[in-house]
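Here's a structure for you.
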Amino acid sequence: MAIFSRLVDLLKANINDLIDKAEDPEKMLKQIIIDMEEQLQEATQGLGQVMASERRTKKQLEEAQSQATLWEGRAKTALKAGDEALAKQAVDSKLKADATVKQYQQMHDELSKQVETVREQVNLLKQKLEEARARQSMLIARAQVAEARQGVAKAIGGIDSGGAFAKMDKMEAKITQQEAEADAQFEISGIDAKQNDPFAKLESESAADSEMERLKKELGL
């Protein structure tokens, strides 16, 4: 059956290869599950059709067996009545019914085998589907972790290759240049920034007083 040919192809498919080709691994994994669910639905419908055929054939077989039993009983009744001609007609009908029984028996046996084969294939697909669902959850989690790691690595790479730190270095250099230019402007104008600093003035006066005291001691004054 075409359904099960496609099923075998699906089960043999390498999921990892499909993921490598997919732009969105999570979306691809979900599609794989959807495809397998559709295959299971088709396979289940196929099993139902085969089972329906098997049941029809079984009913026809039972009807043919009833006819054979009926004509055999009539043949015996005719023989008991001493009517061999009528018994011969009944026997002919029984032989035809026996042939029909044999035909339906063969059909029923073949359909019974097909039912078992298809049922095994459907059960196999159910098992594979459950395995795929379990594997899907694991692979989606791995894909999400990998995507997050790639994002972090990309961010770090951006910082190291002209990102945030490079911009901060450039800004620091600009500020340093501005400070140097300001110092130079003060020097050119002859203005000492320390002249306007009250703490610097106090420190200078204290140093002068200390030096005066030292000199007086040396002179004995």
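So how many residues does region 112-149 have that are free of Cβ contacts under 8 Å to residues at least 60 places away in the same chain and in contact with a Pro (Cβ under 7 Å, 6 or more places away or on another chain)?
Residues flagged as free of Cβ contacts under 8 Å to residues at least 60 places away in the same chain and in contact with a Pro (Cβ under 7 Å, 6 or more places away or on another chain) within region 112-149 amount to 0.
Another question, then. If you check 56, 74, which single one turns out to be surrounded by 13 or more Cβ atoms within 10 Å (Cβ to Cβ) and farther than 15 Å from residue 115 by Cβ?
Details: 56 fails: farther than 15 Å from residue 115 by Cβ.
74 is the lone residue from the list that is surrounded by 13 or more Cβ atoms within 10 Å (Cβ to Cβ) and farther than 15 Å from residue 115 by Cβ.
Ok, one more. Residue by residue through region 94-123, note down the ones that are aliphatic (A, V, I, L, M) and loosely packed, with under 15 Cβ neighbours inside 10 Å.
Of all residues in region 94-123, those aliphatic (A, V, I, L, M) come to 95, 97, 99, 101, 107, 111, 115, 118, 122.
95, 99 - these are the residues of region 94-123 that are aliphatic (A, V, I, L, M) and loosely packed, with under 15 Cβ neighbours inside 10 Å.
Something else about it: So for region 189-208 (the condition being more than 30 Å from residue 47 (Cα to Cα), at pLDDT 75 or above and surrounded by 11 or more Cβ atoms within 10 Å (Cβ to Cβ)), does at least one residue qualify? Please lay out each step first, then the result.
First, the residues of region 189-208 that are more than 30 Å from residue 47 (Cα to Cα): 189-208.
From what is left, the residues that are at pLDDT 75 or above are none.
For region 189-208, residues more than 30 Å from residue 47 (Cα to Cα), at pLDDT 75 or above and surrounded by 11 or more Cβ atoms within 10 Å (Cβ to Cβ): absent.
Also, quick follow-up: Condition first: among the hydrophobic types (A, V, I, L, M, F, W, C) and part of a helix (DSSP H, G or I). Now tell me which residues in region 78-108 satisfy that. Spell out the reasoning first.
So the first thing to find is which residues in region 78-108 are among the hydrophobic types (A, V, I, L, M, F, W, C), and the list is 78-79, 81, 85-87, 90-91, 95, 97, 99, 101, 107.
Answer for region 78-108, where residues must be among the hydrophobic types (A, V, I, L, M, F, W, C) and part of a helix (DSSP H, G or I): 78, 79, 85, 86, 87, 90, 91, 95, 97, 99, 101, 107.
For the structure I just gave you, tell me whether residue 116 is assigned by TED's automatic domain parsing to the domain that holds residue 33, assigned to a helix (DSSP H, G or I) and within 54 Å of the chain's Cα centre (by Cα).
yes
The values are calculated or read from the model by the stated rules, or taken from the named source; none is laboratory data. For clarity, every value in this text was computed on a predicted model and none was experimentally measured. Glycine gets a Cβ as well: all are built from the backbone with ideal geometry, and neighbour counts include every protein chain shown.
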